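Heads up: the structure comes next, in C-alpha cells.
The values are calculated or read from the model by the stated rules, or taken from the named source; none is laboratory data. In this text the structure is predicted, and so the values were computed from the model without any measurement. Backbone-built Cβ (ideal geometry, glycine too); neighbour counts: all protein chains shown. Heavy atoms of the whole protein, side chains included, go into the accessibility calculation; ligands, DNA and RNA do not. Shrake-Rupley method; radii C 1.70, N 1.55, O 1.52, S 1.80 Å.
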Amino acid sequence: MTDIQREAMAYDVVIVGAGPAGLSAAIRLKQLDPDLSVVVLEKGSEVGAHILSGAVLDPCGLDALIPDWRERGAPITVPVREDNFHFLTEAGSVRIPNWPMPRLMSNHGAYIVSMGNVCRWMAEQAEELGVEIFPGMACSSLVYGDQGEVKGVVAGEFGRLSDGTPGPAYEPGMELHGKYVLLAEGVRGSLTKEVISRFDLGRGHCPQKFGIGMKEIWEIDPAKHREGTVTHTMGWPLGSSAGGGSFIYHIDNNQVYVGFVVHLNYANPYLSPYMEFQRFKHHPMVAELLAGGKRVAYGARAISEGGWQSIPTLVAPGVALLGCAAGLVNVPRIKGNHNAMLSGKAAAEAAHAAIAAVRSGDTLTAYETEVRNGAIGKDLKKVRNVKPLWSRYGLTASLMLGGLDMWTNDLFGASLLGTLKHGKSDAASTGEARDFARIAYPKPDGILSFDRLTNVAFSFTNHEESQPPHLKLADPALPVAVNLPRFAEPAQRYCPAGVYEVVEADGAGPRFVVNFQNCVHCKTCDIKDPLQNITWTTPQGGDGPNYPNM
Ligand SMILES: Cc1cc2nc3c(=O)[nH]c(=O)nc-3n(C[C@H](O)[C@H](O)[C@H](O)COP(=O)(O)OP(=O)(O)OC[C@H]3O[C@@H](n4cnc5c(N)ncnc54)[C@H](O)[C@@H]3O)c2cc1C
C-alpha cells in the first residue's frame, strides 16, 4: 500500500514495545540526557495489557537502572521466602533438596511480582522523565532510509476492512522516525523477524528455540496460601514426550500464579500443550492447593529458550534488538526480565553515546559488545548447555548432566562440554502423525481444569472483527492439503487460545478456520507450524489480551 500518505514525526530514539526492555531503554536514555526525544509505542490497550504478569524477578536489572526503586514505591514487595523443586510422578512427588541445585538456580534475593504492574510503574517513571508513551499503537511496518538503514516505524493504522481495503473510518497512522529504532517487541516480534531476515542476523548462530508458557492466576483458600513460596516441578504429565515443567508462585492477597511451559521442539503432533497444563492441575499436590479456589485470569505467551547460542546479531544499521526480541532468557531459571532490563539499559547507553557523537542510522556495535561481554552474556553462558542436553538426552539424564555443567560453569567459569549446538528449529521438529498415537486427554471438569474457550474469556481478549485477520497464511490451501494428512493439522492443538480449527460441514470436506478474535498474541503458530505457513502480524492497536491489573 505504497500510495498511502502519512505524516511523519521525528524523534531521537523510537522504541517499539513497553515491556521491561523497552521501558528500561526509555528511562536510561532520559537519565543520560533529559533533552533527548524518546517515544515508546505499545500495541496493548494500556501498558501492561499484554504482559503475561506473574514472575519471579531477579532485581539485578532494576538495581542497575533505578537503584532507589524501593523508595520510589515499585510494586515489588513479596520476597521469595521458600524455594521448592519437585519431580512429579502421576500420583506422587519427590522433593529435590536445595543443596545439590546449582547456586544460580536459587531464588534467594528475588521477588514474586506482577510484571504487568511493574511495567505500569516503570512507565510512570519514564513519563516523569519526559518519555512519550503511546499505548494502543501497534507498529505494523518498518520504514527504511535511503541507505537501507532502519529509519522508523509505521504505527497506529486503523480501520481497514476485512478484505484489506481502507474502510470509512480509515486512519493511515503515522511514521515515527528515529536516529535509532530499538525493537523491544518481546519473543518472536513481527518487526524483529523482518529485521533478522533482511539483515541476515541469524547467520552464524543456532536457530532460536522456544517454549509455550501458559498461566492462570488463582485466588486460593487463605489457609493454604504461603506468601513468598516458589515451587517448580518437572516430570508428570509430560514424561518423555516433551520437555517442560510447571511453576507455582504465591504472591500476596491469597493469589497464586500457576503456570506450565512446554518446549516447542516436541515431535508428537497430537500433543496439546494446553491440555497438558490442564491435566497438570489434577496432580494431587496441585489439586489440593487449588481446591476451593477460583481461577481469575488466564494467558499464554511463547518464551525464548535458545539462550546464548541462539542470540542473533543484535544490531544492523539504525536498529537494535532488545530483551526477548533478542532471546535473552535464562532457561533453567525461567527468567528473562532482568536481562530485558539490562539490555534496555545497554542499548540506551550505546544510542546515547552515538547521538552525542552526532551519529545516526548506523550500527550500535557498542550495544552488541556489552550484551555479549557484560552481565547478560555471563548469565546466559553459564547455562548454555542445559537446553541442548535436555533435547538430546531427555529429562532425567539432562537434569544430572545439566546440573553438573552448571556447577562446573559456576565454580570454574568453564564447561567440560564446550558449547553444544541446538538441532532443528521447533517447526522442523514436528513429527508425522502416522508415527504417533493420538493422546486421549481427560475432559476438563470446569473446577480445576477448563476448556480453552472458557479460559480465553479470562484473558479478556478482544479484536475488532471487521479488520483483516492478522494471522496470515502464505498459502491458504496448505493446512488441509498438507498439514492435515501429514501432521493431523497440529495448529488445532498447539494454539493455547483455540484460534485454529478444522471443521467439516455439509459433506463439503475439511475446512481450516482461523478464529483470529481469540488470539492472545503468544506467537506459537508463527513458531510451530511445520510448514512455516503462518505469519503473525500486528492487529489494530489496543486489540489482543487485556491482562488484568492484579
Ligand atoms: C509463562 C512465562 C513465564 C515467565 N516467567 C518469568 C519469570 O518468572 N521471571 C522472569 O524474569 N522472566 C519470566 N519470563 C520471561 C519474561 O516474561 C521475558 O523475558 C520478558 O517479558 C521479556 O521482556 P521484553 O520487554 O523483552 O518483552 P515483553 O515483556 O514481551 O514486552 C514486549 C512488549 O512489546 C509489545 N509489542 C510487541 N510487538 C509490538 C509491535 N509491533 N508494536 C507495538 N508494541 C509491540 C508487546 O505488546 C509487549 O507489551 C516468563 C515468560 C513466560 C512466557
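Comparison of Met400, Met406 shows that the only residue that is exposed (fewer than 14 other Cβ atoms within 10 Å of the Cβ) and either assigned to a helix (DSSP H, G or I) or among the polar types (S, T, N, Q) (or both) is Met400. Here Ala497 clears all of (1) within 20 Å of the chain's Cα centre (by Cα); (2) crowded, with 20+ Cβ neighbours inside 10 Å; (3) not in a loop (DSSP other than H, G, I, E, B) except the condition numbered (3).
Annotation: of all residues in region 1-33 being of a type in the set (D, E, K, R) and within 19 Å of Asp68 (Cβ to Cβ), the one that is farthest from the ligand (Cβ to nearest atom) is Lys30. Scoring His470 on the criteria (1) within 21 Å of the chain's Cα centre (by Cα); (2) over 17 Å from Asp529 (Cβ atoms) leaves a single failure, condition (2). Kindly indicate whether Glu71 is away from the ligand (no atom under 14 Å from the Cβ) and in contact (Cβ under 8 Å) with a residue 40 or more places away in the chain. So Glu71 fails the test.
Check Lys224, Lys215, Lys209, Lys193 and return the single one that is within 14 Å of the ligand (Cβ to nearest atom) and touching a helix residue (DSSP H, G or I) at 6+ places or on another chain (Cβ under 7 Å). Outline the logic, then answer.
Details: Lys224 fails: within 14 Å of the ligand (Cβ to nearest atom); Lys215 fails: touching a helix residue (DSSP H, G or I) at 6+ places or on another chain (Cβ under 7 Å); Lys193 fails: touching a helix residue (DSSP H, G or I) at 6+ places or on another chain (Cβ under 7 Å).
Lys209 is the lone residue from the list that is within 14 Å of the ligand (Cβ to nearest atom) and touching a helix residue (DSSP H, G or I) at 6+ places or on another chain (Cβ under 7 Å).
Inspect all residues belonging to region 276-285 and state whether any of them is more than 30 Å from Phe487 (Cβ to Cβ) and in contact with a helix residue (DSSP H, G or I) (Cβ under 6 Å, 6 or more places away or on another chain). Scanning region 276-285 turns up no residue that is more than 30 Å from Phe487 (Cβ to Cβ) and in contact with a helix residue (DSSP H, G or I) (Cβ under 6 Å, 6 or more places away or on another chain). Taking every residue in region 39-58 that is within 12 Å of Gly299 (Cβ to Cβ) and pairing it with any residue that is surrounded by fewer than 24 Cβ atoms within 10 Å (Cβ to Cβ) and among the aromatic types (Phe, Trp, Tyr), at least 6 positions away or on another chain, the pairs with Cβ-Cβ distances below 6 Å are Gly54/Tyr257.
Any chance you could count how many residues in region 122-141 are without any contact (Cβ under 8 Å) to a residue 60 or more places away in the chain and either crowded, with 23+ Cβ neighbours inside 10 Å or within 13 Å of the ligand (Cβ to nearest atom) (or both)?
Quick first cut of region 122-141, residues without any contact (Cβ under 8 Å) to a residue 60 or more places away in the chain only: 124, 127-128, 141.
If we keep only those that are either crowded, with 23+ Cβ neighbours inside 10 Å or within 13 Å of the ligand (Cβ to nearest atom) (or both) as well, we get 141.
Going through region 122-141 one residue at a time, the tally reaches 1.
Screening Pro442 against (1) farther than 22 Å from Pro269 by Cβ; (2) open to solvent by 60 Å² or more (accessible area, probe 1.4 Å) leaves a single unmet condition, (1).
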